[in-house]
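The values are calculated or read from the model by the stated rules, or taken from the named source; none is laboratory data. Here the structure is a predicted model, which means the values were calculated and not measured. So basically every Cβ, Gly included, is an ideal-geometry build from the backbone, and we count neighbours across all protein chains shown. Surface areas here come from the heavy atoms of the whole protein model, side chains and all, with no ligands, DNA or RNA. Shrake-Rupley method; radii C 1.70, N 1.55, O 1.52, S 1.80 Å.
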Amino acid sequence: MSIYIDPAVASSLRGFEMPEKLGFGKVMAPVMFRAVCQDGCWSRGELLPYAPLALDPAAKVLHYAQSCFEGMKAYRVQGGGVGLFRPERNAARMVHSAERLCMPPVPESLFMDGVRTVSAYCANLVPANSGESLYLRPFLMGTQPDLSVSTSSTCEFYVIASPSEAYHPGNMRLWVERENARAALGGTGDSKVGGNYAASLLSVARLKERGYDQSLWLNPGNRRTVDELSGMNFFAVLDGELHTPALNGSILEGVTRDSLIELARDLGYRVREREIDIDELLGQVESGRCEEAFACGTAAIISPISVFGDGEREYRPAKAPGPVAERLRAALLDIQEGRAEDRFGWMQAVEAVGE
Ligand SMILES: *Cc1c(COP(=O)(O)O)cnc(C)c1O
């Protein structure tokens, strides 16, 4: 199905001025992609000027959190082009999230139309410095306007974009969260749904008062093994091997996590996906067996962990950043920005539209 391009898109793009200071996710590109699903039937995709949405106040998303999203980037590739990194993984994950919330899955072709069209029309807005990118935010929500708790007959899919600086949270101080949970057994932890993030905020607000940056979530079933952070997956380096929690239904399956596992194995590291007992891990940090730990996700790629706070105690990995994290970060960014050969076939070029 062809994509409708609103005639006002050209003037929105022409009138857009890139601010000097970008930040991360703060500046919005002046266009957005939209498609609507009514009773299981998808409309044609449209590229529109970026604008506020008109939502009925009874729309189900506003009351029952029927919403899911994706986070991905369009990269400036060496030589000047624009590339997407494994976008089919994001499309598949959004299908999984939509199905978990009883929303019609966005067909892969429509998802790809959305991210490709926005990237193509915004090709000039993809910043050029290493680490900068056009951050893409596809999202889907139930908009049927009535207050019954039931699946929504109408859903809307959007893709918005934000030219962004490199996102460097720097070394992170983690708080081992032993009371709150972001996900439940049998819940939505492995889906990228809005409610998970709302559920994480209180823990983060409390730990910030104590001088920490992020919660380290434990498995909601056993309260004993490490799951992940609120928006990033977890790795520890033990005796030179990489260890990451095995997927278990409450962990969100990160594209970065998956890519780092493959990349690390290719670089000769042994990688183990397993249950990681938090007390055992803290003991290994204390004894020096765990020399480094890091979190990973699309926004920052890899962020070293400098401290684990647990009750009154603190545990500090010897190296933050450590050599393994630095090597993997550079190797992944080299592929994403086209400096290294794309050995795994991860990149998809986007043809720019316009001048
Ligand atoms: C998005 C997200 C990640 C990281 O996923 P990437 O695909 O690597 O960006 C990890 N954990 C949670 C909870 C997330 O929402």
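Annotations for the structure displayed:
- Only one of the numbered conditions (1) at pLDDT 95 or above; (2) in contact with a Leu (Cβ under 7 Å, 6 or more places away or on another chain); (3) more than 16 Å from the ligand (Cβ to nearest atom); (4) within 26 Å of G83 (Cα to Cα) is not met by L332, and that is (3).
- Positions within the stretch 203-224 being away from the ligand (no atom under 16 Å from the Cβ) and not aromatic (F, W, Y), in sequence order: A205, R206, L207, K208, E209, R210, G211, G221, N222, R223, R224
- Flag if E314 is without any contact (Cβ under 8 Å) to a residue 60 or more places away in the chain, open to solvent by 30 Å² or more (accessible area, probe 1.4 Å), of a type in the set (D, E, K, R) and part of a helix (DSSP H, G or I): no
- As a summary of the residue check, S162 satisfies the conditions (1) of a type in the set (S, T, Y); (2) modelled with pLDDT of 95 or more; (3) outside any strand (DSSP E or B); (4) within 16 Å of the ligand (Cβ to nearest atom) except for the one numbered (3).
- Taking the stretch 182-227 as the range and being of a type in the set (A, V, I, L, M) and either under 17 Å from E253 (Cβ atoms) or open to solvent by 30 Å² or more (accessible area, probe 1.4 Å) (or both) as the test, the residues that pass are A183, A184, L185, V193, A198, A199, L201, L202, A205, V226.
- The lone exception for F85 - which of (1) under 23 Å from S153 (Cα atoms); (2) aromatic (F, W, Y); (3) within 15 Å of the chain's Cα centre (by Cα) it fails: (1)
- Test: residue in the stretch 247-263 that is modelled with pLDDT of 95 or more, over 18 Å from the mean Cα position of the chain (by Cα) and not in a helix (DSSP H, G or I): yes
- Checked against the criterion of being within 11 Å of the ligand (Cβ to nearest atom) and out of contact with any strand residue (DSSP E or B) (no Cβ under 7 Å at 6 or more places or on another chain), the candidates D279, D227, D266, D258 yield just one match: D258.
- Within the stretch 75-99, residues that are under 14 Å from D258 (Cβ atoms) have Cβ atoms under 8 Å from residues that are surrounded by fewer than 23 Cβ atoms within 10 Å (Cβ to Cβ) and aromatic (F, W, Y) in these pairs: F85/W346; R86/W346, counting only partners at least 6 apart in sequence or on another chain.
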